[in-house]
Amino acid sequence: MTVALDEFLGELYRSFGPPKQMGESAPASDRPHFFLHRNFLGEQDLAILFNTKRCRYQCKFCALPFKSSREWVPEDQVLAQFRYVLEEDKHALGVLERVTIANEGSVFDETTFPAEALTQITAATRKLPRVRKLVLETRLEFLTVERLQEIAENSGKQLDILTGFETVTEDLRERVLGKREPLEAFLRGLDAVATAGCELTSYVLFKPDPAMTDEQAWGEAEKAIDYLHEHCAARGVPMTVRLNPMYVARGTQWARRAEELDGYQPPRLSDIVALAEKKRAEGIPVYLGLTSEGLSDEEKTYRAREDFTRGLLKHGIVMNGDGSVSPRQHLLPITEFSSGSGGADPVLERK
């Protein structure tokens, strides 16, 4: 029996559109874990999560390495993954404006992602004339100015380095999150980003410690955003923040810590939205991480809180798609001024 047209279309949308599942492992070494052609911050983006050897760090809050290979995935298989994605998206290649390359770890870590494969993939994007930007996900410690400049020159694209900053407090970064990335190491990598003329997109976690109250979570996230803004502005690095409401990723040490707490609650989506709107008003480009990447149960995410509504979620989705996040317009440093009430509020220095 023929399926009704609306049911047929709905199933295609769920399988291949934005609701597409992303938590499963790739079925073979010549297939990526996930890819999606999406409207992202007002641009046509092709996002690819390559299937490579798993991240060597396995932070306490992250379940992504669990689905990645323990074994080396050779260059020819990684290139086959890219060819597969191009074939699948071939009718839309002419409208792409950016390509996002990730492996749920660090694409610049040559012990997990074959260096020559990254060279060939990025250089090949020169054949996509509308693509102006390559977004490359990595920890900053793996960056060198020479490598960044090589990729930028061979591809002819602007590079945007996507990285997890997470939070600014050293104790939280190490004891709770297990980042093994001191702030001084992050800043050294940021120097390389600046020298090579790259942009930065950085993840900030809302409620990085499950023991935090909602108020403490807000304060910590705001400090992290302001820290990033200050250091990027000082170096002339265009910056965008992805504000991620923390979720309980199954099987992680962080999840066990949350489950041991009496009355743990995930962040409120209304707080995420309000902080993003506040920072945007100050001139800092922020968008929202609204997915748990298929790694959490719904009751362990912001959807379980009392403030959650479909209308609020739609508001967040609209914020992400309104095209107002443009890091090139946000290079002004934050300064302090005395408000009429006697408090100190961060504002942009106007020149």
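The values are calculated or read from the model by the stated rules, or taken from the named source; none is laboratory data. As the structure is a prediction and not an experimental result, all values here were calculated from the model. We place every Cβ from the backbone using ideal geometry, glycine too, and count neighbours over all the protein chains shown. Accessible surface is based on the protein model in full, side chains and every heavy atom, while ligands, DNA and RNA are left aside. Shrake-Rupley method; radii C 1.70, N 1.55, O 1.52, S 1.80 Å.
At 1.4 Å probe size, put Cys232, Cys55 in order of accessible surface, largest to smallest. All intermediate terms of the calculation are to be shown ahead of the outcome.
Values: Cys232 0, Cys55 25 Å².
Order by accessible area, largest first: Cys55, Cys232.
Report in % the part of the accessible area of the chain that belongs to carbon and sulfur, leaving out ligands and nucleic acids; probe 1.4 Å.
51 percent
What's the long-distance tail for the stretch 40-199, i.e. % of Cα pairs beyond 19 Å?
56 percent
Where does each of 167-179, 306-318 land if you order them by average Cβ count within 10 Å, highest first?
Answer by packing, highest mean first, reads 167-179, 306-318.
Cα centroid distance between the stretch 42-66 and the stretch 238-277, in Å?
Cα centroid to Cα centroid, the span is 18 Å.
Starting from 0.36 nm per residue, how many nanometres of slack lie between Ala123 and Glu299 once their C-alpha separation is accounted for?
59.1 nm
Quick one, can you get me the convex hull of the C-alpha atoms of the stretch 239-332 expressed as volume per residue in Å³? Let's see the in-between values first.
Details: hull volume 10.7 nm³, N = 94.
Expressed per residue, the convex hull around the Cα atoms of the stretch 239-332 is 114 Å³.
Which FRET efficiency value, to the nearest 0.05, do you get for Thr195 and Trp72 by plugging their Cβ-Cβ distance into 1/(1 + (r/R0)^6) with R0 = 22 Å?
So, using R0 = 22 Å, E works out to roughly 0.10.
What's the local net charge at Ile48, with K and R +1, D and E -1, over the other residues with C-beta under 12 Å away?
-1
Work out the charge dipole of the stretch 73-180 with +1 on the Cβ of Lys and Arg and -1 on the Cβ of Asp and Glu about the Cα centre, then indicate which of Thr144, Gly164, Leu86 is farthest towards its positive end.
Leu86
Nearest 500 deg cm²/dmol is fine: what mean residue ellipticity at 222 nm does the chain get from its DSSP H runs of n ≥ 4 alone, each adding -39,500 (n - 2.57), divided by its residue count? Mind showing how you got there, number by number?
Numbers: 9 runs with 115 residues, N = 351.
Theoretical 222 nm ellipticity from helices: -10500 deg cm²/dmol.
Cα centroids of the stretch 101-165 and the stretch 195-212: how far apart, whole angstrom?
A separation of 19 Å, based on Cα centres.
I need the trypsin sites (Lys or Arg not before Pro) found in the stretch 193-290, filtered to DSSP loop residues with at most 16 other beta carbons within 10 Å of theirs.
Details: sites: Lys223, Arg235, Arg242, Arg250, Arg256, Arg257, Arg268, Lys278, Lys279, Arg280; in loops: Arg250, Arg268.
Taking the stretch 193-290 and a limit of 16 other Cβ atoms within 10 Å, the loop trypsin sites (Lys or Arg not before Pro) found are Arg250.
Roughly how much of Ser25 is accessible, in Å² to the nearest 10, using a 1.4 Å probe?
60 Å²
Evaluate the distance, in nm, between pseudo-label points positioned 7 Å from the Cα of Thr291 and of Phe16 along their respective Cα→Cβ axes.
In this crude spin-label approximation the distance works out to 1.7 nm.
Rg (Å, one decimal) plus Dmax (Å, integer) for the alpha carbons of the chain?
Answer for the chain, Rg first and Dmax second: 20.2, 72 Å.
Determine the principal axes of the Cα atoms in the stretch 183-258, then give the extent along each, sorted from largest to smallest and rounded to whole angstroms.
41, 26, 20
From largest accessible area down, sort Arg38, Arg54; use a 1.4 Å probe on the protein chains.
These residues rank, largest area first, as Arg38, Arg54.
For a label point 7 Å from the Cα of Asp214 along Cα→C-beta, name the residues of the stretch 228-262 whose backbone N is under 16 Å from it.
Correct set: 245-246.
Once amide H atoms are placed 1.01 Å from N in the peptide plane, what residues at a sequence separation of 5 or more from Gly105, or on another chain, have their amide H within under 5 Å of its amide H?
The answer is none.
Work out how much length Lys314 to Thr2 would gain on full extension: take 0.36 nm times their residue separation and subtract the Cα-Cα distance, in nm to one decimal.
Answer, rounded to one decimal: 109.0 nm.
Cα-Cα over 32 Å: which of Lys67/Lys278; Lys53/Lys279; Lys60/Lys278; Lys90/Lys300?
On the way: Lys67/Lys278 36 Å; Lys53/Lys279 37 Å; Lys60/Lys278 30 Å; Lys90/Lys300 37 Å.
Correct reply: Lys67/Lys278; Lys53/Lys279; Lys90/Lys300.
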